[in-house]
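Working notes for the structure below.
The values are calculated or read from the model by the stated rules, or taken from the named source; none is laboratory data. What you are looking at is a predicted structure, and each value in this text was computed from that prediction instead of being measured. Don't worry about glycine lacking a Cβ; one is built from the backbone with ideal geometry, like all the others, and counts go over all protein chains shown.
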Amino acid sequence: MRVRDLVSIVREDYLNDVKAQKYLHSDASLLRKFSEAEKQACSRADLIFDSTTSEFSRITLVSGVSAYNFSNKVISIGDVVYASKVLVKRSRDGLDRDFPFWRTDAGLTNFDISYSISGRTIQLNRIPADVEAGTYLYLEIYRLPSVSLQDLNQEFEIPEEHQRSLIYWVLHECYKKQDSDIFDQEKADYFLARFTQEFGRPISAIQRQHNLESTATCQIFPETSRIRRMRVTAEDNPNEW
């Protein structure tokens, strides 16, 4: 579905805003609102899974460098893979405990490789050697849309089954407009509630960072019933390893 299709639905079916020379909401304004709606939906509900786009899901290793930043558009990381092996995720305390020389140990080949996440940085427990430069870490992630919407003819990135529900965020924003012809706080609140019912409540920055850094086997999102199951690690269940 293209943005233009949903703009028409908003104008004709909800706002009665169909006089092109006297639009209460310009095309540019609705485009911005739909772009934000798609970001909000992805942030709340993890709608875009990606394991193939190089910009977001592949990190090129550099000799002598064990810490790497990942894209700000990444909101959740599942598995991290190197040389066809899924790496074990640990806390920095776990690295200190289990690999006391992780800051200086070099070479990845034929070693058990672990990693931790701090902020937006992946830290390996060993330093890549010259021979490993140019090889890749592969990330299996959920992310925000790759680009903001810039044109009414663009298509959304989220699955089509969820696209129509983006109108709830747009209507919420439209009815907040400080204009006597459109402002309606009750309707704004109603459509925000509909959007939240569809995609869940927003995740705070603190909770988002905790979810990225945590080595827990599941992540619980506050005030929702959504639970993301994660890979069990040696650090989580040391008696099973």
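The number of residues in region 70-106 that are of a type in the set (A, V, I, L, M) and assigned to a loop (DSSP other than H, G, I, E, B) comes to 2. Taken over region 3-27, the criterion of being modelled with pLDDT of 95 or more and farther than 20 Å from Lys187 by Cβ is satisfied by Val3, Arg4, Asp5. Assess whether Leu108 counts as being more than 30 Å from Gln197 (Cβ to Cβ), outside the structural domain of Asp17 (by TED's automatic domain parsing) and free of Cβ contacts under 8 Å to residues at least 60 places away in the same chain. So Leu108 passes the test.
Among the residues of region 166-186, those that are assigned to a helix (DSSP H, G or I) and surrounded by fewer than 17 Cβ atoms within 10 Å (Cβ to Cβ) comprise Gln185, Glu186. Listed conditions (1) among the hydrophobic types (A, V, I, L, M, F, W, C); (2) over 24 Å from Ile206 (Cβ atoms); (3) at pLDDT 95 or above are all met by Ala67, apart from (2).
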